[in-house]
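All remarks here apply to the structure that follows.
The values are calculated or read from the model by the stated rules, or taken from the named source; none is laboratory data. The shown structure was predicted, so the numbers you read here are calculated from the model rather than taken from an experiment. Please note: Cβ atoms are built from the backbone with ideal geometry, for glycine as well, and neighbour counts cover all protein chains shown. Side chains are part of the model used for accessible areas, which takes the heavy atoms of the whole protein and leaves out ligands, DNA and RNA. Shrake-Rupley method; radii C 1.70, N 1.55, O 1.52, S 1.80 Å.
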Amino acid sequence: MSKWDKLIERILEKDRSLRFDELARALIKIGYAEHQPKGGSSHYTFRKNGCTPITIPKKKTPIDKVYITLVSDAVKQYLNEEEI
């Protein structure tokens, strides 16, 4: 199983040990663009045409489950689109 497959599996399982960089890597790989905060904010926004933007705090460890759920939903949507 590749690193990508393992990461996707952890995201879909909503693994609480996921880190910001892992979630960001997955979002970028499925087509989201990362937008860095301005003015000292620690929240990064990921945008993709036709999808709701996803905002995740970079410095918060562990990542709250709500953010993992947002990324998990985006990954599920991406996987469903790939099957079509």
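Taking T52, is it open to solvent by 80 Å² or more (accessible area, probe 1.4 Å), among the hydroxyl-bearing types (S, T, Y), over 14 Å from L23 (Cα atoms) and outside any helix (DSSP H, G or I)?
yes
Scan V75, V71, V66 and give me the residue that is under 18 Å from I8 (Cα atoms) and open to solvent by 30 Å² or more (accessible area, probe 1.4 Å).
None of the others qualify; the one that does is V66.
State all residues of the stretch 30-47 that are open to solvent by 50 Å² or more (accessible area, probe 1.4 Å) and in a loop (DSSP other than H, G, I, E, B); if no residue qualifies, say none.
Of all residues in the stretch 30-47, those open to solvent by 50 Å² or more (accessible area, probe 1.4 Å) come to 34-36, 38-41, 43, 47.
Hits for the stretch 30-47 are Q36, K38, G39, G40, S41.
Give me the pairs: first residue in the stretch 1-18 and of a type outside the set (S, T, N, Q), second residue open to solvent by 60 Å² or more (accessible area, probe 1.4 Å) and assigned to a loop (DSSP other than H, G, I, E, B), beta-carbon distance under 6 Å, and six or more apart or on different chains, which are they?
From the stretch 1-18, the pairs are R16/P62.
Looking at the stretch 17-29, is at least one residue in a loop (DSSP other than H, G, I, E, B) and over 12 Å from the mean Cα position of the chain (by Cα)?
Looking for residues that are in a loop (DSSP other than H, G, I, E, B) and over 12 Å from the mean Cα position of the chain (by Cα), one finds at least one in the stretch 17-29, hence yes.
Run K3 past the list (1) in contact with a helix residue (DSSP H, G or I) (Cβ under 9 Å, 6 or more places away or on another chain); (2) closer than 16 Å to V75 by Cβ and report the number of the one that doesn't hold.
K3 satisfies all of (1) in contact with a helix residue (DSSP H, G or I) (Cβ under 9 Å, 6 or more places away or on another chain); (2) closer than 16 Å to V75 by Cβ except (1).
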